[in-house]
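The values are calculated or read from the model by the stated rules, or taken from the named source; none is laboratory data. Keep in mind it's a predicted model, so treat the numbers as computed, not measured. Cβ sites come from the backbone with ideal geometry, for glycine too, and all protein chains shown count toward neighbours.
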Amino acid sequence: MEITDLRALREASEVQALEKRLGISRRDFLGLCAALATTMGLPAGAEAAIIKAVAAKQRPSVIWLHFQECTGCTESLLRAEHPTLEKLILDIISLDYHETLFAAAGHQAEAARKTAMKQHKGKYVLVVEGAIPTKDGGIYCKVGGQTAVNMLKECAKDAAAVIAIGSCASWGGMPSTGPNPTGSSSVAEVLGKTVVTIPGCPPNPYNFLATVVHFLTFGKLPEVDQLGRPKFAYSRLIHENCERRPHFDAGRFALEFGDPGHRAGWCLYKLGCKGPETYANCPTIGFGDAGENNWPVGCGHPCIGCTEKGVGFTKPIHALAELKSVTPPVGFPGVHESKGKSFDFTSAAALAAIAGAAAAGTAKLAQNLGKGTPVETSSHKDSGASS
Amino acid sequence: MSSHAEKPAPLGGPLVTPLTVTLAGLAGIAAVILLIRFIFGIGSVTNVNDGYSWGIWVVYDVMAGSAFACGGYAIALLVYIFNKGEYHPLVRPALLGSLFGYTLAGASVIFDLGRYWNTWHIFFPPWAQVNSVMFEVAVCITLYIGVMWIEFSPAFLERLGRSDLKKKLSNWMFVFIGLGVLLPSMHQSSLGSLLIVFGTQINPLWQTLMLPLIFLMTAITVGYAVVILESCLSASGFKRPFEADLIGRLSRVMWWFLVVYLALRAVDLAWRGAWGEAFQPNVMALGFWIEMTGFILPVILLATPAARRRPDRLLISAVALIVGTLMLRLNGFLIGYQTGAGWHYFPSLPELLVTIGIIAAQILGYIVLVRWLPILPKVEPVKIAR
Amino acid sequence: MSTTRRQFLQGAVASGAALSLGTAPAVQARPNLTLPPKAVGLLYDSTLCIGCKACVSACKESNNLPPEFSTAENLWDTPQDLSGRTKNIIKAYKDGNATQKDREIDGHAFIKHSCLHCVDPSCVSACPVSAMKKDPVTGIVTYNEKDCIGCRYCVVACPFGIPRFEYDKAFPKIVKCELCNHLKPGDKFKYSACAQVCPTGATLYGPVDQLLQEAKRRVALKPGSVTRVERGRVGSGDIYEAKLTAQYLPRVYGDRELGGTQVLKISAVPMEKLGMPELPERSFASVSETLQHDLYGWLALPAVVLGGLVIAAKRTARPDEEDEA
């Protein structure tokens, strides 16, 4: 962390070496690191630390397990469109075991895993994709003759950190949806401890990447919420940052797919959007690096709540979301708005002047009447009448 | 009982004086502001809002203004109904004040009515809504203004030299005099009844079924107060002698009215258990005490027959009563009114200027007419055709 | 002669006073009006309301009302209160950190403000020209600007602060909810627009007796229970299952207030915190009308008094006038 000047970093030998190793320009690399720092919500200057950590050659060993899953998480990661991201991923970390990406197969692959586990004992990162079936002794998912439960426990024992990627690994996801015939469980449930979870179906690759880079840079996993989700990505409701939120606040809703409101990009709440009860950063970072609004709600489909246990794969897609307690915005009219003018200086002054003048006039007049004014008395009247 | 020594006569004198010019100027400013109001809406010149939809244009110009214009009514009640003929010299000046007060109160209603072009609906079926207190007020005030012009017409007829018409009219005058007492009794009490339907929006200090009686009694007492004030002002302004005998006797009537009124008010507040509200640290309690001071002060100042002959005490009492009566109406309709938290109202400068302009027009009209028409009793000893 | 006159007058004054005290049995007190046979209204459930303001938006569309801006950029229709441009509004109650919905302390709650269509409306009693009327069948309180003189007695009289006035117009009118009484077959909205668009059924349109039944059913439910909630109008069949999180207060606002209103409200936060006033069961209109008609006895009393006054005046005025003439 001693070098914090980005210009100096650009010329640093590690970064220059990286340019050759990864085949990307230094400029792109620095930009990517800054973007990751931003994703994690790290303060300015942190990108320098990230650059240093990423550029360093000590790549952590990563063991990536697949259980009850569709490989969507991996696919999503591979299809990230940043320049050579997959290359970067594979180069930042030493991916020693990954069933989808491995060239090796069968016993050769399993041997590689065992070797890595032995070699990097207590230092490797375990990433789990997919739920783990626990019913009937866990026989519903086996790899190399070993049940998922066993394999997970074996790999987790000596791991420096465990990351559950995707909704399935995070809480059981789709496989655990009722009636859950295989007893699908999450990583945390099987291991009996809290792990970092990156839920989503698929999760946003940057959330995963940022978590790994955080580990790389600071030697520990990022701060998480009670469900193990990194707070930098999952601390806010989708509803809070949704670009359609103003329509919600103004009561403009799409009522069915293709109606004028839907075409105009109005709020999808009435179509069952789960944004109001789902925590994720989808609206702020989008998917597929295709620019703004490239995420389900941006494309016109209601959020299904895939990052939220009890919502995604549990509630019907078009069922009304339960609005999580969100303090009404400041602009929301209060029960008692202050209305009308309470005090007008000029008119108050005018009133005071009138009152003062009236009082003074009364006093003066009273004084005059008290002494000088001729008083018509009975005698006066009598004399008047008689004359 | 009455000597009727002083026949009313035009006062004469210059019409263009610094005072009348100033008054005309103020009335002119009000006219310009009203022009803006009729082009751009009531909100363009006033601060009235949906929380206080009735501002000073209603509460002062109509509610208080018409009460201050009760001099004619109060004197007529004495002279004609209670047969106190000695007060007859006060009838015409008081009636003139009332005529102006009421006519301008009636006119200022139009300034405040949002859809003034429909005003005539009030008087005709199928619109007329007899359950509405407002209906009763509007009908009575309109009729009363008409009655007052008829009552006052002898002064014009004298000026125009149409004594034949005057004679015919005087044969039937008693009917109009009867109406001239009934109608104000009805609508001055109903101005209080207007508040009943506001229910709990009115502070208990003012929300009572006694409202009609409270408003009626204060209208009568302030009627006497205004007569006293007019007397004081003409004594000072027109350099006329102060009618101490007459006014002193009148103030005795007023004093007794006030004692009865205060007793009624105190008992009513106690009966409803509302006295506690008078000791709250808020603006309503303050308004209440200013109002009550206005009614209590004259009772103290005019307690003895000697005191009732002192013009300065009479004047201060009259002013206090006017303030008290004004405060009663302001309290009932504005200060003691709350339709929900968060609402504020304070009259804007243009709004005030219109009210001031209306008062100015009233005073100006009074000055012009007493100089031009036989209204004030002649001071110099004159020969009287008996 | 003078004595009899005085006695008569004293009698007249005394009887007037007695009548105003309400002690005279001569005139029957006018009781509260009762619910019309086919009264329709709304049920607003604060706990179901999510503050989305769809009803505010639809109300504007249905009633063809212009937007009202309260932000600097004048971009969104953001009314802060009912006004000459807004007949219906959702307001938020907030306390402390306002995080938890439907909680009085450190919580927030929503409330719909629009005409309650009182069973015995003050505005109708106040209006001198019958511009405010209560429909004898549906009970909807309607307003006709063609009749209105703009005196705003209704604005001041309404204890809920509902009728609003266009202060910024040369030819203004009163603006208030008329329960979308103007809708015709073929219109986009079929019934009260606010209820028709409400996504959660927080605003439900229907016959008042059925709404009251539903309101009473709901306030008896316990938190955590799942209940079937109808959306739109009673009998629409658009039903979903809502899980209750808050504890209803055992009160249906509008059941008794001023003799009842046709718009009912239920909530988990006390109604007075939501800007709904505490009101007695006796309607203000009935008190006012009883007093007014007692005082005047349908003009019988004024006629008698006038007779007395004219006789008195004839006896006193004639000598004066002759004297003057």
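Residues A:LEU152, A:LEU126: which one is assigned to a helix (DSSP H, G or I), buried (at least 20 other Cβ atoms within 10 Å of the Cβ), more than 22 Å from the chain's Cα centre (by Cα) and not basic (Lys, Arg)?
After applying the criteria, what remains is A:LEU152.
Residue-by-condition table, conditions (1) within 30 Å of B:TYR52 (Cβ to Cβ); (2) in a helix (DSSP H, G or I); (3) in the same structural domain as B:SER153 (by TED's automatic domain parsing):
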| site | (1), (2), (3) |
| --- | --- |
| B:LEU169 | no, yes, yes |
| B:PRO184 | yes, yes, yes |
| B:SER189 | yes, yes, yes |
| B:THR200 | yes, yes, no |
| B:MET217 | yes, yes, no |
| B:TYR224 | no, yes, no |
| B:GLU230 | no, yes, no |
| B:LEU246 | no, yes, no |
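Just to be sure I understand, how many residues within the range A:244-268 are assigned to a helix (DSSP H, G or I) and facing chain C (nearest Cβ under 7 Å)?
Going through the range A:244-268 one residue at a time, the tally reaches 3.
Taking only pairs six or more apart or across chains, which ones have beta-carbon atoms under 6 Å, a first residue in the range B:40-56 that is within 7 Å of chain C (Cβ to nearest Cβ), and a second residue that is acidic (Asp, Glu)?
B:GLY41/C:ASP168; B:GLY43/C:ASP168
In this structure, is C:PRO250 modelled with pLDDT of 80 or more and within 14 Å of chain B (Cβ to nearest Cβ)?
no
With respect to C:ASP135, is the statement that it is of a type in the set (D, E, K, R) and more than 10 Å from chain B (Cβ to nearest Cβ) true?
Spelling it out, C:ASP135 is indeed of a type in the set (D, E, K, R) and more than 10 Å from chain B (Cβ to nearest Cβ).
Can you tell me which residues in the range B:67-103 are more than 16 Å from B:GLU230 (Cβ to Cβ) and not hydroxyl-bearing (Ser, Thr, Tyr)?
Listed by number, the residues that qualify are B:LEU77, B:ILE81, B:PHE82, B:ASN83, B:LYS84, B:GLY85, B:GLU86.
Considering the range C:83-129 alone, what residues qualify as being surrounded by fewer than 23 Cβ atoms within 10 Å (Cβ to Cβ), in a loop (DSSP other than H, G, I, E, B), more than 14 Å from chain B (Cβ to nearest Cβ) and touching a residue at least 12 places away in the same chain (Cβ under 8 Å)?
Scanning the range C:83-129 gives C:ASP95, C:ARG103, C:GLU104.
Taking the condition of being among the hydrophobic types (A, V, I, L, M, F, W, C) and at the interface with chain B (Cβ under 8 Å from one of its Cβ atoms), how many residues in the range C:284-310 meet it?
Residues meeting the conditions: 9.
Of the conditions (1) more than 14 Å from the chain's Cα centre (by Cα); (2) crowded, with 23+ Cβ neighbours inside 10 Å; (3) more than 10 Å from chain C (Cβ to nearest Cβ), B:GLU86 satisfies every one except a single condition; which number is it?
For B:GLU86, the exception is condition (2).
Among the residues of the range B:47-55, are any modelled with pLDDT of 85 or more, surrounded by 19 or more Cβ atoms within 10 Å (Cβ to Cβ), touching a strand residue (DSSP E or B) at 6+ places or on another chain (Cβ under 9 Å) and hydroxyl-bearing (Ser, Thr, Tyr)?
yes
Go through the residues of the range B:168-185 one by one and say whether even a single one is of a type in the set (D, E, K, R), free of Cβ contacts under 8 Å to residues at least 40 places away in the same chain and either facing chain C (nearest Cβ under 8 Å) or closer than 19 Å to C:THR290 by Cβ (or both).
The answer is no; no qualifying residue exists.
Mind checking whether some residue in the range C:54-71 is out of contact with any strand residue (DSSP E or B) (no Cβ under 8 Å at 6 or more places or on another chain), among the aliphatic types (A, V, I, L, M) and modelled with pLDDT under 90?
no
Has the range B:264-282 got any residue that is under 21 Å from the mean Cα position of the chain (by Cα) and crowded, with 20+ Cβ neighbours inside 10 Å?
Yes, the range B:264-282 contains a residue that is under 21 Å from the mean Cα position of the chain (by Cα) and crowded, with 20+ Cβ neighbours inside 10 Å.
Can you give me the number of residues within the range B:247-270 that are within 25 Å of B:GLY85 (Cβ to Cβ) and either hydroxyl-bearing (Ser, Thr, Tyr) or touching a Ser or Thr at 6+ places or on another chain (Cβ under 8 Å) (or both)?
Total satisfying the criteria: 5.
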